[in-house]
Amino acid sequence: MLYQIFETQRSIMEPFSDLAQAAAKLYSNPLNPMAQTPLAQRVSAGYALMHRLGKDYEKPEFGIKTVKVNRVDVAIHERIEIDKPFCELRRFKRFSDDADTLSVLKAQPVVLIVAPLSGHYATLLRDTVKTMLQGHKVYITDWKNARLVPLSDGEFHLDDYINYVQEFIRHLQSIYGHCHVVSVCQPTVPVLAAVSLMASRGEKTPLTMTMMGGPIDARKSPTSVNNLATNKSFEWFENNVIYRVPPNFPGAGRRVYPGFLQYTGFVAMNPDRHANSHYDYFKDLIKGDDASAEAHRKFYDEYNAVLDMDADYYLETIQTVFQDFKLVNGTWDVKGVDGKVERVRPQDIKTTALMTVEGELDDISGSGQTRAAQDLCSGVPAKERQHLEVEGAGHYGIFSGRRWRDIVYPQLVKFIADHAPKARAQPAAKPVAKAAGKTPQKVAAKVAAKAAVKTTQVNAKKKA
């Protein structure tokens, strides 16, 4: 019922939001005599703010058209590689007509970025993707809004999430022979489970897995997010936050955890900060500070765009990760696509290097929660494990913004390059390779490292 009330309210507000947008443009149009009055700019700013507070935010686009590789502009073509009922494996294909650049592109490592399914779209990782495209072939999991998935496509469980990840890893391995995996926030847990199951079966696992700001062990340094999940029972969540999709969507009747509830929770964590941000936007419009106003729009166009999660997946995540702690307790059993149930054993991972990243000021995944993967993956040699704590970084700072580009990315580039597959040279080519001392993989790694260093230097100059 709450979902239907919310949609009714949104439908009622939509024409008023459009009207406010038109009024804002009217009072800021220099050809309109009213725009010359003393209060016109304030009135326009007020209507613009009203429009943004009342509008419906749709899924944003990644919008990555070009990136620089080896100081050459490389065109990006975004396409869907695999289309599953609840997720698209999205590829960012790079094109160049420069022969040297093309050679470097082909030799660069392939990375699967597993985006979170926790209320926001995968476009939240736009900066992550754009930065990594400088030195890697990039794929990302683009999760679908559950309210747009028809009931005929079935349910979606946490086990299905894990099976999706395994399928995507196998797909990349079938094309390139190997891959690296980067998981951000929520997917750190299912990604660790996916790789663990593959290792237990004796399957080929990714060369590296990087886990950033995720609740591997939510018992450590619990945050307000963790406390909510532990203080309420499973039944409370099922009875109070699960609703059926209204009839005006393709997924009508599907049980979901609505995105607007997740968004409300996000805002409730820092209400003063968001209120001040909107007030600053209002003042920027009055002052004519277009750059600051546009930065506000870009951030909230992303932040306010939310998606619904299938109820089974959401509830199972709450129970498995935040209530029963099945991963760290060694009690997690997962059903595969063949119906076989297997126990998750991270200690079986032996040939996949591990990197964990945490933000010092992370208020979503507390200190030590991600690092816990280091102890769980005891089968990985100590020299193949690495941990990075980013000073002064919050949750979003470890995968987006200056600290991501200047601190995390350069170390991630090196970590991936250090675990690149050894080049298999033909016997006749060995002397040449030895004399030259270079392989395409080494050249690509060197270019990626230089790009990371250059980015750091440029940002340092801007800061100075």
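The values are calculated or read from the model by the stated rules, or taken from the named source; none is laboratory data. Everything quoted here is computed from the prediction, not taken from an experiment. Neighbour counts are summed over all protein chains in view; Cβ atoms, including those assigned to glycine, are modelled from backbone coordinates with ideal geometry.
The figures follow:
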quantity: Criterion violated by residue 248 - all others in (1) loosely packed, with under 12 Cβ neighbours inside 10 Å; (2) without any contact (Cβ under 8 Å) to a residue 40 or more places away in the chain satisfied; calculated: (2)
quantity: Residues of region 331-353 classified as touching a Leu at 6+ places or on another chain (Cβ under 9 Å) and within 26 Å of residue 383 (Cβ to Cβ), total; calculated: 9
quantity: Long-range neighbours under 6 Å by Cβ, at least six apart or interchain, first residue touching a residue at least 12 places away in the same chain (Cβ under 8 Å) and crowded, with 20+ Cβ neighbours inside 10 Å within region 94-121, second of a type in the set (S, T, N, Q) and part of a strand (DSSP E or B); calculated: 114/141; 114/183; 115/141
quantity: Selection from region 153-174 of residues that are surrounded by fewer than 22 Cβ atoms within 10 Å (Cβ to Cβ) and either touching an Asp or Glu at 6+ places or on another chain (Cβ under 6 Å) or not assigned by TED's automatic domain parsing to the domain that holds residue 335 (or both); calculated: 155, 157
quantity: Matching option when the condition is outside the structural domain of residue 152 (by TED's automatic domain parsing), touching a strand residue (DSSP E or B) at 6+ places or on another chain (Cβ under 8 Å), surrounded by 14 or more Cβ atoms within 10 Å (Cβ to Cβ) and under 22 Å from residue 58 (Cβ atoms), among 243, 281; calculated: 243
quantity: One residue from 273, 297 being within 24 Å of residue 62 (Cβ to Cβ), loosely packed, with under 14 Cβ neighbours inside 10 Å and basic (Lys, Arg); calculated: 297
quantity: Pair list, Cβ < 6 Å and 6+ apart or interchain, from region 217-235 residues that are assigned by TED's automatic domain parsing to the domain that holds residue 331 and within 20 Å of residue 311 (Cα to Cα) to residues that are in a loop (DSSP other than H, G, I, E, B) and modelled with pLDDT of 85 or more; calculated: 225/364; 226/218
quantity: Qualifying residue in region 183-191 (condition: among the small types (Gly, Ala, Ser), crowded, with 24+ Cβ neighbours inside 10 Å, at positive phi and within 19 Å of the chain's Cα centre (by Cα)); calculated: no
quantity: Output for region 252-283, where each listed residue is farther than 25 Å from residue 223 by Cβ and either of a type in the set (Phe, Trp, Tyr) or in contact with a Leu (Cβ under 7 Å, 6 or more places away or on another chain) (or both); calculated: 253, 254, 279, 281, 282
quantity: Region 206-219: number of residues that are surrounded by fewer than 24 Cβ atoms within 10 Å (Cβ to Cβ) and either modelled with pLDDT of 95 or more or in contact with a Pro (Cβ under 6 Å, 6 or more places away or on another chain) (or both); calculated: 2
quantity: Subset of region 135-144 (residues that are touching a residue at least 60 places away in the same chain (Cβ under 8 Å) and surrounded by 24 or more Cβ atoms within 10 Å (Cβ to Cβ)); calculated: 135, 136, 143
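Listed here are the residues, each with its yes/no results for (1) aliphatic (A, V, I, L, M); (2) part of a loop (DSSP other than H, G, I, E, B); (3) more than 13 Å from residue 64 (Cα to Cα).
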position: 111; (1), (2), (3): yes, no, yes
position: 117; (1), (2), (3): yes, yes, yes
position: 127; (1), (2), (3): no, no, no
position: 134; (1), (2), (3): no, yes, no
position: 147; (1), (2), (3): no, no, yes
